[in-house]
Amino acid sequence: MTSGEIREQFLDFFKNKGHRIVASSPVVPYDDPTLLFTNAGMNQFKDVFLGTGTREYNRAANTQKCIRVSGKHNDLEEVGYDTYHHTFFEMLGNWSFGDYYKKEAISWAWELLTDVWKLPKERLWATVYETDNEAFNFWKTVTDIKHDHILKFGEKDNFWEMGETGPCGPCSEIHINLLEDYDNPIYVNMGSPVCIEIWNLVFIQNFRDADGKLHDLPAKHVDTGMGFERICRVLQKESSNYKTDIFSPMIKVIQSLSGVKYNKMETIVPINVIADHIRTLTFAIGD
Ligand code: SER
């Protein structure tokens, strides 16, 4: 399956579940002084979550151009050295604005991953926020994930916030373990390149103010984000995002222009960095 087909299948799946397909916002959030770059698909819907804006639809899906090089979400130092972080990436997302909540978000994510894309269920792990028994129970009742593959983590891993302030809430992540030892929980959230998070389902119900205080929002919302380059790597059965059809044409050109072969750590890392940064700069300048 090509990356183009994967993107289309994601959007079609949610279109069939009543979602409006919307455009990505620019990587520069012109109307939000709290962010230098767009760091998540939910940025363009911040006003809806805060209750200060509305849309003519209450379910949306898209692919969002994101840059994570500053502030709360900064992946710059990982890029090139590991196989799955980028300064620029696409985030596939579906949203509910005061409409469906945890049950549908969890059951549809599972359906897309295991029914449509046929990912091996035994390799998938779900994490939930330590106090979120509701999400924990939905994983048990609306999916057929192995019950011991549902794990609880604290604020660092399972409470998502866009920045120092803004809409936020408990989240439930889906990880895939590609190791031979795939039935072992110890790899989840350990930074392993072969046990990676692929999708984050955020249940937006709070607002963090400038004093760091949490408040309840007027309604409950869903904000999900799947790493497009990661899911392409998994579905194309590659060992690195850079080996997917998203990056491999660029890597080929970089090798031929530089005369340097992509065949050992000393050259793989800088070539990855060049390929990654060219995308970031192209979209940053363009937007
Ligand atoms: N906002 C969440 C994230 O960026 C889910 O879309 O991970």
Residues located in segment 54-84, provided they are within 25 Å of Lys237 (Cα to Cα), out of contact with any strand residue (DSSP E or B) (no Cβ under 9 Å at 6 or more places or on another chain) and open to solvent by 30 Å² or more (accessible area, probe 1.4 Å) | Glu78, Tyr81
Unique match (being at pLDDT 95 or above, more than 30 Å from Val128 (Cβ to Cβ) and not acidic (Asp, Glu)) among Gln205, Gln236, Gln255 | Gln255
Strands (runs of 3 or more DSSP E) wholly inside segment 78-193 that include at least 1 residues being among the charged types (D, E, K, R) | 88-97, 150-153, 159-161, 166-177
Evaluation of Glu77 against (1) closer than 20 Å to Glu229 by Cα; (2) within 14 Å of the ligand (Cβ to nearest atom) (one fails), failing number | (2)
Given the conditions (1) within 15 Å of the ligand (Cβ to nearest atom); (2) over 26 Å from Ile271 (Cα atoms); (3) in a loop (DSSP other than H, G, I, E, B); (4) open to solvent by less than 20 Å² (accessible area, probe 1.4 Å), which single one is not true for Thr34?
-> (4)
So which residues in segment 170-190 are within 20 Å of His73 (Cβ to Cβ) and either open to solvent by 60 Å² or more (accessible area, probe 1.4 Å) or without any contact (Cβ under 8 Å) to a residue 40 or more places away in the chain (or both), if there are any at all?
-> Met190
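Residues are listed down the side, and each one gets a yes or a no for (1) more than 14 Å from the ligand (Cβ to nearest atom); (2) closer than 20 Å to Phe228 by Cβ; (3) modelled with pLDDT of 95 or more; (4) out of contact with any Gly (no Cβ under 8 Å at 6 or more places or on another chain):
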| position | (1), (2), (3), (4) |
| --- | --- |
| Leu92 | no, yes, yes, no |
| Ser96 | no, no, yes, yes |
| Ala105 | no, yes, yes, yes |
| Thr114 | yes, yes, yes, yes |
| Lys121 | yes, no, yes, yes |
| Leu124 | yes, yes, yes, yes |
| Glu130 | yes, no, yes, no |
With Thr165, Thr87 as the choices, which residue is within 16 Å of the ligand (Cβ to nearest atom), modelled with pLDDT of 95 or more and under 26 Å from Thr280 (Cβ atoms)?
-> Thr87
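The values are calculated or read from the model by the stated rules, or taken from the named source; none is laboratory data. Note that the structure is a prediction, hence the values are computed from the model and not measured. So basically every Cβ, Gly included, is an ideal-geometry build from the backbone, and we count neighbours across all protein chains shown. The protein model used for the area step is the full one, side chains on, heavy atoms only, and it has no ligands, DNA or RNA in it. Shrake-Rupley method; radii C 1.70, N 1.55, O 1.52, S 1.80 Å.
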